[in-house]
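S.K.: Attaching a single structure in structure tokens format; questions to follow.
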Amino acid sequence: MSKKTLIPIGPYHPLQEEPELFKLYCDGEIVKDIKWETGYNHRGIEKLSESKTYEQVFFLVERICGICSTSHPFAFANAVEEIADIEITDRTKYIRTIIAELERIHSHLLWVGLAGHFLGYNTVFMWAWKYREPVLDLFEMISGNRNSYAMFKVGGVRRDIEEAKIPLIRKILSDARKKIDLLTGAVMDDPVIHARTKGVGILTKQDIIDYGAVGPTARASGLAIDVRKDDPYAAYPLINWKVITAHEGDVFAKAQVRLLEMYESISMIEQCLDGLKKEKEGDISVKVKEIPEGIGNGRAEAPRGEVFHFVQSDGSNSPVRHKIRAPSYVNIATFRKSCIGQTIADATISLAAVDPCYCCTERMAVVYDMNSGEKIMNANELINESVRMTNELKKTIKLQK
Amino acid sequence: MDSEAIIGLFKLRFKSYILDVIKKNEKRIIITVNPDAIIDIADYLYKSAGFRFIIATAIHSRKGFEIHYHFSKDSFGLILNIHVVLDKENPQIESLSNMFNASNWIEREMHELFGINFMNHPNQEKLISEGNWAEGVYPMRKEFK
């Protein structure tokens, strides 16, 4: 039997913003098997939710994820409103949609930056994160916070978007569109990025169906599933937009889907701002008396895919059971398909391609030789390996001497 | 195809296993079935009817252990909950993970947190704690404080 080397990625690693351990078993440079350990960040939120009132649960679920902190309250609101049969006002619908789409833009920009970083394109990283900044400023202007916006409640939203703020929002969006043009051009036309991402980490349509993967990961493999279109909620049925798909299923296709989705999001927000003009100002919530007994299945399309919340109520003021399924739960499992057979240098970007949703803590990864237990590579060296491959490609394509 | 047609087709195939059907609205259906039929039902939904497995929710209640299997018909925006009630003392049901990988993790999670046994699961190891919790302690059961 040939010698296999164990390469653990994590539990703390710059590739992932939250602790999780992937063990890559390699023969030479090729990944032969992958195993993982999860649960380093298990916070027992489902159990905790049973001890909170419906109003409090919004603040709890908002803290599940630092990046998509609107998707979870959105899905939870959909579930609870389904139990109580609440019809929200049109103004609420528009405001909710604006927040959710702004979040998609900032989350996708964040991903493009990180993907650039893993490939050794730190300029892309710096650009993308710089362009993301004005979007966070918009959040601060609308909700008072750059993150964890606390905008949602049962039957409405907490803050209105006043008429006076709309021109500035429009200006920042039109600036963002130009910046994204620049970024898309830089990423889509670069021969080295093509060489590093095309044909890498391929997921076929059948893999997606088998693993139940969702969001841009599924759409990049030609499966046009999007909760916003399939099971429309909030203002999505009131505005015009299209579902972006690609068919190759590789890392490039996933990048393409995310970049093009940002244009759709900008257009959606602009239409919602038009919609807000028609509605009466201040009409942002309906009165909710009580949550009756029953069950609700709420879902929302987060930047990474479908978020699913199941809520069971017994008529009291807190849920009896609250099940949460984040999109990464099903997307991460596809690593077994996308990584095996690839080189280690490609594994980093394949893992990053589904945008595993974690939140930052410490970072560390060390490569050990399985036989001697000797330390071979640390985190930086692992990223350097990826950077080295990019540089070699650059030389081959004669971009760099 | 609408929700009535989906219920109709389902009834036609699994009439003897159905215990209850609740149609909440056009896009939400809950069907309570006999746990013995879960493999056949999942096989029909996944392979013939074009449903996607979203996730499963285990509930510890007075009735015992309940599981809602959430299936989505994406072209129609419909969520179908297949609801089963398992035995209080010895909760067990056939695993779906030999059919599709989507249920692999959640079945391991339910096994770990609720102590429900999934028969013929390919790899029913602990998912979250990696053996760092005491055996026989199930944190999602109602008696756990």
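S.K.: Given the conditions (1) closer than 26 Å to A:Leu260 by Cβ; (2) buried (at least 17 other Cβ atoms within 10 Å of the Cβ); (3) modelled with pLDDT of 90 or more; (4) not aromatic (Phe, Trp, Tyr), which single one is not true for A:Arg177?
M.R.: For A:Arg177, the failing item is (2).
S.K.: Would you please list the contacts, defined by Cβ atoms under 8 Å and residues six or more apart or on different chains, that run from a residue in region A:160-185 that is of a type outside the set (S, T, N, Q) to a residue that is surrounded by fewer than 12 Cβ atoms within 10 Å (Cβ to Cβ) and part of a helix (DSSP H, G or I)?
M.R.: Once the first residue is of a type outside the set (S, T, N, Q) and sits in region A:160-185, its partners that are surrounded by fewer than 12 Cβ atoms within 10 Å (Cβ to Cβ) and part of a helix (DSSP H, G or I) give A:Glu163/A:Lys277; A:Ile166/A:Lys277.
S.K.: With the requirement that a residue be within 17 Å of A:Arg325 (Cβ to Cβ) and either more than 9 Å from chain A (Cβ to nearest Cβ) or not basic (Lys, Arg) (or both), what does region B:44-65 give you? Even if it seems obvious, please write down each step before you answer.
M.R.: So the first thing to find is which residues in region B:44-65 are within 17 Å of A:Arg325 (Cβ to Cβ), and the list is B:51-59.
Correct list: B:Phe51, B:Phe53, B:Ile54, B:Ile55, B:Ala56, B:Thr57, B:Ala58, B:Ile59.
S.K.: Follow-up question, since we're still on this one. Applying the selection to region A:195-212, what residues are more than 12 Å from chain B (Cβ to nearest Cβ) and in a helix (DSSP H, G or I)?
M.R.: A:Ala195, A:Arg196, A:Thr197, A:Lys205
S.K.: Output the residues belonging to region B:111-130 that are more than 10 Å from chain A (Cβ to nearest Cβ) and part of a helix (DSSP H, G or I).
M.R.: The answer is B:His111, B:Phe114.
S.K.: Give region A:264-300 a look and list any residue that's charged (D, E, K, R) and assigned to a helix (DSSP H, G or I), or say none.
M.R.: Result: A:Glu264, A:Glu270, A:Asp274, A:Lys277, A:Lys278.
S.K.: For B:Ile38, all conditions in the list (1) outside any helix (DSSP H, G or I); (2) of a type in the set (A, V, I, L, M); (3) out of contact with any Phe, Trp or Tyr (no Cβ under 7 Å at 6 or more places or on another chain); (4) more than 8 Å from chain A (Cβ to nearest Cβ) hold save one; what is the number of the exception?
M.R.: B:Ile38 satisfies every listed condition except (1).
S.K.: I'm checking my understanding of the structure. Among residues of region B:79-89 that are more than 8 Å from every other protein chain (Cβ to nearest Cβ) and touching a residue at least 12 places away in the same chain (Cβ under 8 Å), which one is farthest from B:Val21 (Cα to Cα)? Let's see the steps before the verdict.
M.R.: First, pick out the residues of region B:79-89 that are more than 8 Å from every other protein chain (Cβ to nearest Cβ): B:80, B:82-89.
Remaining after also requiring touching a residue at least 12 places away in the same chain (Cβ under 8 Å): B:80, B:82-88.
On the way: B:Leu80: 11, B:Ile82: 10, B:His83: 10, B:Val84: 12, B:Val85: 14, B:Leu86: 18, B:Asp87: 21, B:Lys88: 23 Å.
Among those that are more than 8 Å from every other protein chain (Cβ to nearest Cβ) and touching a residue at least 12 places away in the same chain (Cβ under 8 Å), it is B:Lys88.
S.K.: So how many residues does region A:283-300 have that are touching an Asp or Glu at 6+ places or on another chain (Cβ under 6 Å) and over 25 Å from B:Lys23 (Cβ atoms)?
M.R.: Residues that pass the stated criteria total 1.
S.K.: Go through region B:90-105 and count every residue that is facing chain A (nearest Cβ under 10 Å) and either more than 10 Å from the chain's Cα centre (by Cα) or more than 21 Å from A:Ile324 (Cα to Cα) (or both).
M.R.: 6
S.K.: What's the number of the only condition in (1) under 21 Å from A:Ser328 (Cα atoms); (2) at pLDDT below 85 that A:Glu62 fails to meet?
M.R.: Condition (2) is where A:Glu62 drops out.
S.K.: Would you be able to tell me the number of residues in region B:96-115 that are touching a strand residue (DSSP E or B) at 6+ places or on another chain (Cβ under 7 Å) and either surrounded by 21 or more Cβ atoms within 10 Å (Cβ to Cβ) or within 20 Å of A:Ser328 (Cα to Cα) (or both)?
M.R.: 7
The values are calculated or read from the model by the stated rules, or taken from the named source; none is laboratory data. What you see is a predicted model, and the numbers here were worked out from it, not measured in a lab. Positions of Cβ are backbone-derived with ideal geometry, glycine not excepted, and every protein chain shown enters the neighbour counts.
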